[in-house]
Amino acid sequence: MNVPTPVSAYRQIGGQHWISAAHYLLQNKLNCCIVSSYHKGWVYLIEKTNCDSVFRCMVYKVGGDPTKIKKELYNYTITNGNLIDASFISIE
């Protein structure tokens with residue numbers, strides 16, 4: 001399978017964070033998780049694709065401070081945030 005080279009979503013917080021999150025998803029049998037969030041409204045999400053070794057990395061911008069959202073930050077971000085960038089990574 002030919003996977004595109006990671007672009008800016010991958011570089012914004014550092015590839016090691018995306019790779020660690022991908023391994024976390026696999027180890028815990030999860031479909032998605034929050035990689036990181038910052039008080040300026042940036043939220044970094046990762047989710048599995050239908051290929052076990054390929055993951056979608058997404059950068060969202062939400063209004064306000066995401067650390068103040070106490071419940072369901074992932075769903076809140078998907079529903080109310082603005083998708084700024086998305087890319088794919090592949091792990092071994």
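The values are calculated or read from the model by the stated rules, or taken from the named source; none is laboratory data. No experiment lies behind these values; they were computed from the predicted model shown. All Cβ positions, even for glycine, are placed from backbone atoms using ideal geometry, and neighbour counts span all protein chains on display.
Among the listed residues LYS61, LYS70, identify the single one that is surrounded by fewer than 13 Cβ atoms within 10 Å (Cβ to Cβ) and free of Cβ contacts under 8 Å to residues at least 24 places away in the same chain.
Working: LYS61 fails: surrounded by fewer than 13 Cβ atoms within 10 Å (Cβ to Cβ).
Just one listed residue meets the conditions, LYS70.
If you go through region 70-83 one residue at a time, do you hit one that is in contact with a strand residue (DSSP E or B) (Cβ under 9 Å, 6 or more places away or on another chain) and among the small types (Gly, Ala, Ser)?
Looking through region 70-83, at least one residue is in contact with a strand residue (DSSP E or B) (Cβ under 9 Å, 6 or more places away or on another chain) and among the small types (Gly, Ala, Ser).
Being within 25 Å of GLN16 (Cβ to Cβ), of a type outside the set (Phe, Trp, Tyr) and at pLDDT 90 or above is the filter here; which residues of region 67-84 pass it? Before you say what the answer is, go through the steps one by one.
From region 67-84, those within 25 Å of GLN16 (Cβ to Cβ) are 67, 73-74, 77-78, 81, 83-84; that's our starting set.
Going one step further and asking which of them are of a type outside the set (Phe, Trp, Tyr), we end up with 67, 73, 77-78, 81, 83-84.
Listed by number, the residues that qualify are LEU73, THR77, ILE78, GLY81, LEU83, ILE84.
Can you give me the number of residues within region 73-92 that are loosely packed, with under 15 Cβ neighbours inside 10 Å and among the polar types (S, T, N, Q)?
Residues in region 73-92 being loosely packed, with under 15 Cβ neighbours inside 10 Å and among the polar types (S, T, N, Q): 4 in total.
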